[in-house]
Amino acid sequence: MKILVIGSGAREHALVTALLADESVTTVICAPGNAGIAREIDVLPVDVNDANAIGDLAYELDADLVVIGPEVPLVAGAADAVRDRGIACFGPSAEAALLEGSKAFAKQVMAEAGVPTAMARVCSSVDEVASALDQFGAPHVVKDDGLAAGKGVVVTDDRDEALAHAAACLARGGDARVVIEEYLDGPEVSLFGITDGTTIIPLQPAQDFKRAHDGDAGPNTGGMGAYSPLPWAPAGLVEDVTARVLQPMVDAMAKRGTPFSGLLYAGLALTSRGVRVIEFNARFGDPETQVVLACLKTPLASVLLASATGRLASLPPLQWRKGSAVTVVVAAKGYPESPVTGDVISGLEEAGEVVGVSILHAGTKITDDGIASNGGRVLSVTAHGESLHEARERAYAALDLIRLEGSHHRRDIALAASTSQ
Ligand code: AMP
Ligand code: GLY
């Protein structure tokens, strides 16, 4: 099987690694990829905003399966463009990817499906925002309706800051909208389900660390680290969320005539009043994928192909490795506000030799001086171990060997969970 992976992050590096380990796979090609992926397989340029360019590339390569990593090409219709050319694709249509592309749309489908989520109001003026903020009270939750690379959400006790974020989103004009929500208290869980539009198979749950700095301080980011599984998760969580959240969403999308096939990512809060959905994404999460795939024993390509071809119901149950995985993101100086790129990274070889560790690349490029940073999130240092404690020790031992001028990373990824295990 020849597979084309679209994207350039550590999520795609993790996908490529898992696909290469599958015996049914002969070739994996990535577009556009990054410096780490390019050391393992062929990478080709592609504009991820251009759905037809992705479809054409898949056709020229005669791919058997295309796996689309990021949300931007999905929302732009890349999966439709690939399928139009008669090629199997892992990823939802543009219409179905709206579950991620519009928070207001996702709320509407959740209401239809009876899925528990935060109360919310969709606002298109600052006056509406002010009244919604007062209705729900502090802490205030303000979300840009559209895609914002993980940076569209502000959670704050400061009403002026909440209003300012809403005003900035609305200032884009056109049909710009913001969603104001009730605040959900409680630990967060990311649960991924692989679906073919009818059947959905949950993966192992993970937890992401969204804030930039230790102790959950600082601004929201795309994700600074993750671990899986969750030793503290209540028994039956995965089955419960599959029955009450994932399957009803799949059924509701099918009923609308826009079936969702690909990866449905439920971002959940375990509140004192039960599980609530914070958001849906239409693709593998980053950095959670790095730890979930590090634990998956079942060959990945067979699962993604079964999703793309509507055969998930006939798949045997997924197998998982014993133990845990941790990933820590190395972010460029200034991330998330204004990342500085172009600095050379050293110590990558030594770090990659630490037992159980893979150095997954995100924003990296090859220069005459060596591998250099090329984005806000630069690396995702991922480790597997027999326990969370061991996985953490391995990840941080590798991280301490890596040098990137001005970079920062969190020291507390999976710390609380590993001490309670
Ligand atoms: P989202 O992009 O919707 O996942 O939001 C990013 C982050 O903001 C989430 O992971 C939460 O930490 C936080 N967040 C979003 N919505 C809420 C909410 N209703 N209550 C509390 N925190 C939230
Ligand atoms: N880890 C959060 C996301 O992928 O959106």
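Please treat every number below as a calculation from the coordinates, not as lab data. Predicted model only: the values in this text are computed from it and were never measured. Every residue, glycine among them, receives a Cβ derived from its backbone with ideal geometry; neighbour counts consider all protein chains shown.
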Identify all aspartates and glutamates with a Cα-Cα distance to LYS365 below 16 Å; exclude those on the same chain that are fewer than 8 residues away in sequence. GLU12, GLU40, ASP42, ASP343, GLU349, GLU405
Phi-derived 3J(HN,Hα) across the stretch 243-252 with the Karplus relation (6.51, -1.76, 1.60, θ = phi - 60°), rounded Hz, x for Gly and Pro, is 6, 9, 10, 5, 4, x, 5, 4, 5, 5
Contact order relative to length of the stretch 107-212, as percent, for alpha carbon pairs under 8 angstrom and 6 or more apart: 27
Overall Cα dimensions of the stretch 345-421, principal axis frame, Å, largest first: 45, 22, 16
Return the ratio Rg/(2.2 N^0.38 Å) for the stretch 89-227, where Rg is computed over Cα atoms only. 1.11
Under a 5 Å amide H to amide H cut-off, with H placed in plane at 1.01 Å, what residues pair with VAL5 once short-range neighbours are removed? ILE29, CYS30, ALA31, VAL67
Which order do the peptides 82-95, 179-192, 338-351 come out in when sorted by mean C-beta neighbours inside 10 angstrom, highest first? 82-95, 179-192, 338-351
Which whole-number value in Å³ per residue fits the convex hull of the alpha carbons of the chain? 136
Exactly which trypsin sites (Lys or Arg not before Pro) in the stretch 204-259 are in a DSSP loop and have at most 16 other Cβ atoms within 10 Å? ARG256
Other-chain or far-sequence residues with amide H under 5 Å of ASP208's (modelled H): SER190
Among VAL155, VAL16, VAL46, VAL355, what is the fewest-to-most ranking by other Cβ atoms within 10 Å? VAL355, VAL155, VAL46, VAL16
Order of ASP158, ASP62, ASP144 under a 10 Å beta carbon neighbour criterion, fewest first: ASP62, ASP158, ASP144
What value, in deg cm²/dmol to 500, does the helix sum -39500 (n - 2.57) over DSSP H runs of n ≥ 4 give at 222 nm once divided by the residues of the chain? -8500 deg cm²/dmol
In whole Hz, the Karplus estimates of ³J(HN,Hα) for the stretch 214-227 (6.51, -1.76, 1.60; θ = phi - 60°; x where Gly or Pro) are 3, x, 6, 9, x, x, 5, 10, x, x, 9, x, 6, 8
